[in-house]
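The values are calculated or read from the model by the stated rules, or taken from the named source; none is laboratory data. Not measured: the values here are computed from a predicted model. When we count neighbours, we look across all protein chains shown, and the Cβ atoms used for this are built from the backbone with ideal geometry, even at glycine.
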Amino acid sequence: MKKLLLASTAVFALGTAAQAGEVIPMGISIGYTGPLESMAPGITAAAEMAFKEASDSGLLLDGSTITTYKADSTCIDAAAATAAMERIVTSDKVRGIVGGMCSGETTATLQNVAMPNGVVMISPSATSPALSSLEANDLFYRTSPSDARQGVVMAEVLQERGFKTVAVTYTNNDYGKGLADAFQAAFEAIGGKVTINAPHEDGKADYTAEVGALASAGGEVLVLAGYVDQGGSGIIRGSLDSGAFETFLFPDGMVGTPLETNFGTQIDGSFGTNPASEGEGRDKFMELAKAAGFDGNSAFAAEGYDAAALMLLAMAKAKSSDPAVYKKEILGVANGEGEKIYPGELAKALEILNGGGTVNYEGATSVTFVNGRESAGNYRETEMKDGKLTVVKYR
Amino acid sequence: MDILNAIVALLNFVVIPGAAYGAQLALGALGVTLVYGILRFSNFAHGDTMAFGTAATILVTWGLTALGITFGPLPTALLALPFGIAATIALLLGTDRLVYRFYRRVKAAPVIFVMVSMGIMFVMNGLNRFIIGVGDINFVDGERFLITARGFREATGLAEPLALRMTQVITLVTAAIAVALLFWFLNRTRTGKSMRAFSDNEDLALLSGINPDHVVRVTWMIVAALATTAGVLYGLDKSFKAFTYFQLLLPIFASAVVGGLGNPLGAIAGGFVIAFSEVTVTYAWKKVATYVLPESLAPEGLMQLMGTDYKFAVSFAILVVVLLIKPTGIFKGKSV
């Protein structure tokens, strides 16, 4: 009798548990402090929006809900990022993480925390080419494109515009060097010539010497892989003043309004590339963001939404929130056949997946994974016309 | 024609920027050398004194432009310069009164003075950031160019451009005036002579009735004027940022030591030596060589001895070599 009672209680308990689902802990590990702290609120708001959408639908793993735990990855301090992530993984037991933010810190946390503990990480914003070749055991993906891809896009833009020789200068860090090297390889592969590939330090008063070396090497265009709020603008000023270069190619770190306010028509004819997509997914995301009360245009916010959504859909497809099980489904959800899913349609996707169907998650950034783990990347080509950055096309 | 192009390229990227930078360093080094010669210690707070003077000048400049006062084609900051100098004089006399005077009274060893100046450096560091912040400030106005790169190319038909900025000319002219005034003062006036006497032999100077407090006061005033002028010229030519002024300390000390510490003439020579070594060692000579050499000898590489990142390493290396080989510097100064 006692056994029967126990057994029925157990069955009853199981039954209610199955009905109400579980509470799934998820992590967000990005740099709430540090050099990219201004982007952190947008990414967080977007990721939480995706979590909430799936929780509210009641369709995720029999009505499971999600709680989030945040870790401050600091962007630059790998040790601090590792400690913060260790905390949410071991004590809060998160099943998946939106993060890290910057390339160096992402590599460290992936190798020191995510891989030993078997937790999935999807980074919205780490772009270093080095992350493409890391051994990751299917635990690491990124919804941002690799800078290797941007290097190719930049080379193509130059080729289409008929430029054959260029000088390259980059801001002396992982981002700048990775991008400059990727670009050089891509440009030389299509027959272009890079006369010099030299670093510059940010935050100096005077770039005469740097510009002098670049001018001596020569080239039709100066490729400037720097930051528009930092040394990048100093290099442009020095080049224009001394007449060293008049046409520039600006990658993503340089495409910003300071170009218009500081230089205006002086750099007409210069052009830039930065990751951005257009179309239905983007528009829907912008609407959702506006309704949720944050700026959808904030850099990498859309990527944050997609990173969060992908993990949830993979869980639904795998019928499990265990990272060891659902990690195998992420690629299938992102690149699969079936109905295209845009932001705000997570409920529809969950329904299809619960019924055993397949979906093709497009999301806010037209997600398609290449190299097994990263966004193929859509880029926007802009040109300075009459002192304004104007969009030429998307590629 | 090719030789002409080579000369223009050299002027544009080496000679003109080097000369302007050299003049700025020379003015800074003059201040350091005066403190060393007369007050007998290495003033580590000099970079931050320059920053303070420049910050004060910038604030007055903003005030003037807000009132609608400008200086025609010249930068308004030149009008504000006397106010900046006055503020810096007040600051330096105040520090001397509060801090240095005590150590002079107890006849502290020079190394203690150096440590004290380092403390003052940190305080001024904070003060500057408190007053004007940490960001980059561009306060140049008026005409930017005397010769523009494009205009020169169109006028001469040469392949190489040449640009001459207004601030570069102002730097050289102002530096020349400041140096002439300083030498006239040191050599022709009674106070100047007593300062030199004090520098040569303190005890003898005191015996002959020179008032040491007066000498110290005048020295600080001149140092304030030189530091502010150097700082404002550097800021006009490049841009103002508290941290870069702090970093200027190394090339300025290198200039003073190379020229011979305590010797004003040496400080000027040292400034130009350091500036031109920094620029020429890190310059990529490829373009000039291509113009000058016959085609068969045209270089493949960049012909750059060192990356531009190593600019400060050049002044540091020169500093070390001079201290090892000729501690008294080019012009006979005091050995360190």
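Counting only residues that are in a helix (DSSP H, G or I), of a type in the set (Gly, Ala, Ser) and away from every other protein chain (no Cβ under 13 Å), how many does region B:279-336 have?
2
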| Can you tell me which of A:Ala302, A:Ala291, A:Ala316 is free of Cβ contacts under 8 Å to residues at least 12 places away in the same chain and part of a helix (DSSP H, G or I)? | A:Ala291
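Given the criterion of a type outside the set (Ser, Thr, Tyr), in contact with a strand residue (DSSP E or B) (Cβ under 9 Å, 6 or more places away or on another chain) and part of a strand (DSSP E or B), identify the matching residue among A:Leu259, A:Leu224.
Going through A:Leu259, A:Leu224 in turn, just one is of a type outside the set (Ser, Thr, Tyr), in contact with a strand residue (DSSP E or B) (Cβ under 9 Å, 6 or more places away or on another chain) and part of a strand (DSSP E or B): A:Leu224.
So which of A:Ala186, A:Ala182, A:Ala209 ends up being of a type in the set (A, V, I, L, M), within 30 Å of B:Phe246 (Cβ to Cβ) and either modelled with pLDDT of 90 or more or touching a helix residue (DSSP H, G or I) at 6+ places or on another chain (Cβ under 6 Å) (or both)?
Working: A:Ala186 fails: within 30 Å of B:Phe246 (Cβ to Cβ); A:Ala182 fails: within 30 Å of B:Phe246 (Cβ to Cβ).
Result of the check over A:Ala186, A:Ala182, A:Ala209: A:Ala209.
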| Options B:Ala19, B:Ala29, B:Ala9; residue that is surrounded by fewer than 23 Cβ atoms within 10 Å (Cβ to Cβ), assigned to a helix (DSSP H, G or I) and touching a residue at least 12 places away in the same chain (Cβ under 8 Å) | B:Ala19
| task | Can you confirm whether region B:124-139 contains a residue that is within 11 Å of another protein chain (Cβ to nearest Cβ), under 17 Å from A:Gly243 (Cα atoms) and part of a loop (DSSP other than H, G, I, E, B)? | result | no
| query | When the residues of region B:236-247 are filtered to those that are hydrophobic (A, V, I, L, M, F, W, C) and within 8 Å of another protein chain (Cβ to nearest Cβ), which remaining residue is farthest from the chain's Cα centre (by Cα)? | reply | B:Phe243
| said: Considering only region A:61-84, I want to know if a residue exists there that is at pLDDT below 95, of a type in the set (A, V, I, L, M), in the same structural domain as A:Ala349 (by TED's automatic domain parsing) and on the phi > 0 side of the Ramachandran plot. | reply: yes
| Of the residues B:Ile38, B:Ile58, which single one is among the β-branched types (Val, Ile, Thr) and within 23 Å of B:Thr244 (Cβ to Cβ)? | B:Ile58
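Restricting to region A:337-361, give me the number of residues that are within 26 Å of the chain's Cα centre (by Cα) and not in a helix (DSSP H, G or I).
So the count comes out to 13.
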| Unmet requirement for A:Gly269, which otherwise passes all of (1) in contact with a strand residue (DSSP E or B) (Cβ under 8 Å, 6 or more places away or on another chain); (2) surrounded by fewer than 23 Cβ atoms within 10 Å (Cβ to Cβ); (3) in a helix (DSSP H, G or I); (4) not charged (D, E, K, R) | (3)
| said: So, A:Ala209, is that one facing chain B (nearest Cβ under 8 Å) and in a helix (DSSP H, G or I) or not? | reply: yes
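Which of the residues that make up region A:227-251 are away from chain B (no Cβ under 14 Å), assigned to a loop (DSSP other than H, G, I, E, B) and surrounded by fewer than 24 Cβ atoms within 10 Å (Cβ to Cβ)?
Once the filter is applied, which keeps residues that are away from chain B (no Cβ under 14 Å), assigned to a loop (DSSP other than H, G, I, E, B) and surrounded by fewer than 24 Cβ atoms within 10 Å (Cβ to Cβ), region A:227-251 yields nothing.
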